[in-house]
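Before any comments, here is the structure.
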Amino acid sequence: MREIRALQAGGQAANLPFQFTNPTRFRASAKLKSVKDNRPINLDFTTLRIPLPAVTSFLHRVSGVFIFAGIALLLWLLAESLSSEEGFLQVQQWLDTLWVKLLLWSVVAGLLYHLIAGIKHLIMDMGIGETLEGGVLGAQLVIASSAIAIILAGVWLW
Amino acid sequence: MVMVTNVTSFGRSGVADWLVQRVSAVILGVYFVGLLGYLVLNPELDFDRWQALFSTTWMRIASLAALIALCAHAWIGMWTVSTDYITTALMGSKANILRFVFQLACVVLIFIYLIWGIQILWGN
């Protein structure tokens, strides 16, 4: 258990959600016959303590995949709004409907979270906040500031 | 030292991908914050001003830069996620096919975004 904790701490410092999955992958693909083959691994997430930095890091990935798809909505709205005067008014009408508004808000929320978590990532790349305490504080700041930004975006849209 | 390369990674090297991911992130961050700021500061935006903004050369260059950055950023991100979670260790041998199909779908979507984006910027 102690080793797992240490690995988790290592994963936090490097800002990777599940760094300890790498040996598994290596082992499975390279089919190495070595001492490492017999090492016990625990990938049962229900028995692992998931620290906050792991949660924010995972959400960074989830939001990335989500906004990758969400770009389609943004490009569609941009294309329509620039096509003609009628298109622009059409977009304004769409944005008055609840579903389009909710959809746009979710994409904007994904963008804001991804942006804020990304800024934290760049700050950590510079060597700031790489300690265990710094990692937790950074994750708390990401959650707090993105929550505020997402609520403000909602207020702005409605 | 042996450098591990992967045929599907963006720059064929982890260090290159690492750098491209950060440079493209900064471009995208500046662009989206700028565009969002413009929309927030101009609540009474009309079509003429909106179109005028996107017909200026600097805005087209900025938008194209953001579009290209998005393509690289999205590929590296999707590659990282797919090679981390769609693995034989997690789901057996079918993972290789599944990962290839997922990555192919990502390439197609990125290509659509690129062509569509260029059309939006220069088509009107």
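The values are calculated or read from the model by the stated rules, or taken from the named source; none is laboratory data. Fair warning: this is a prediction, and the values are worked out from it, not measured in the lab. Every residue, glycine among them, receives a Cβ derived from its backbone with ideal geometry; neighbour counts consider all protein chains shown.
Between residues in region A:111-125 that are without any contact (Cβ under 8 Å) to a residue 12 or more places away in the chain and residues that are buried (at least 23 other Cβ atoms within 10 Å of the Cβ), which pairs lie under 6 Å by C-beta distance while being six or more apart or on different chains?
No pair meets every condition.
Quickly run through region B:9-56 and pick out the residues that are over 21 Å from A:PHE88 (Cα atoms), free of Cβ contacts under 8 Å to residues at least 24 places away in the same chain and of a type in the set (S, T, N, Q).
Within region B:9-56, just B:SER13 meets the criteria.
Kindly indicate whether A:GLY129 is at pLDDT below 95 and of a type in the set (Gly, Ala, Ser).
Taking the combined requirement at face value, the residue satisfies it.
Of these, B:SER24, B:SER55, which one is among the hydroxyl-bearing types (Ser, Thr, Tyr) and over 20 Å from A:LEU111 (Cα atoms)?
B:SER55
Look through B:ILE120, B:ILE27 and report the one residue that is surrounded by 13 or more Cβ atoms within 10 Å (Cβ to Cβ) and more than 9 Å from chain A (Cβ to nearest Cβ).
That would be B:ILE27, the only listed residue that is surrounded by 13 or more Cβ atoms within 10 Å (Cβ to Cβ) and more than 9 Å from chain A (Cβ to nearest Cβ).
For residues that are among the β-branched types (Val, Ile, Thr) and exposed (fewer than 14 other Cβ atoms within 10 Å of the Cβ), scanning just region A:130-158, find the one that is nearest to the other protein chains (Cβ to nearest Cβ).
Looking at residues that are among the β-branched types (Val, Ile, Thr) and exposed (fewer than 14 other Cβ atoms within 10 Å of the Cβ), I get A:VAL155.
Take A:LYS120 and tell me if it is among the charged types (D, E, K, R), in a helix (DSSP H, G or I), in contact with a Leu (Cβ under 9 Å, 6 or more places away or on another chain) and within 13 Å of chain B (Cβ to nearest Cβ). Explain how you work it out, then say what you get.
Details: among the charged types (D, E, K, R): yes; in a helix (DSSP H, G or I): yes; in contact with a Leu (Cβ under 9 Å, 6 or more places away or on another chain): yes; within 13 Å of chain B (Cβ to nearest Cβ): yes.
Yes, satisfied.
Go through region A:47-89 and give me each residue that's assigned to a helix (DSSP H, G or I), more than 10 Å from chain B (Cβ to nearest Cβ) and more than 15 Å from the chain's Cα centre (by Cα).
Of everything in region A:47-89, those that are assigned to a helix (DSSP H, G or I), more than 10 Å from chain B (Cβ to nearest Cβ) and more than 15 Å from the chain's Cα centre (by Cα) turn out to be A:LEU73, A:LEU77.
Inspect all residues belonging to region A:10-19 and state whether any of them is of a type in the set (A, V, I, L, M) and either at pLDDT 65 or above or surrounded by 16 or more Cβ atoms within 10 Å (Cβ to Cβ) (or both). Write out each step before concluding.
To start, the set of residues in region A:10-19 that are of a type in the set (A, V, I, L, M) comprises A:13-14, A:16.
With the extra rule that they be either at pLDDT 65 or above or surrounded by 16 or more Cβ atoms within 10 Å (Cβ to Cβ) (or both), the set shrinks to A:13, A:16.
Within region A:10-19, one or more residues are of a type in the set (A, V, I, L, M) and either at pLDDT 65 or above or surrounded by 16 or more Cβ atoms within 10 Å (Cβ to Cβ) (or both).
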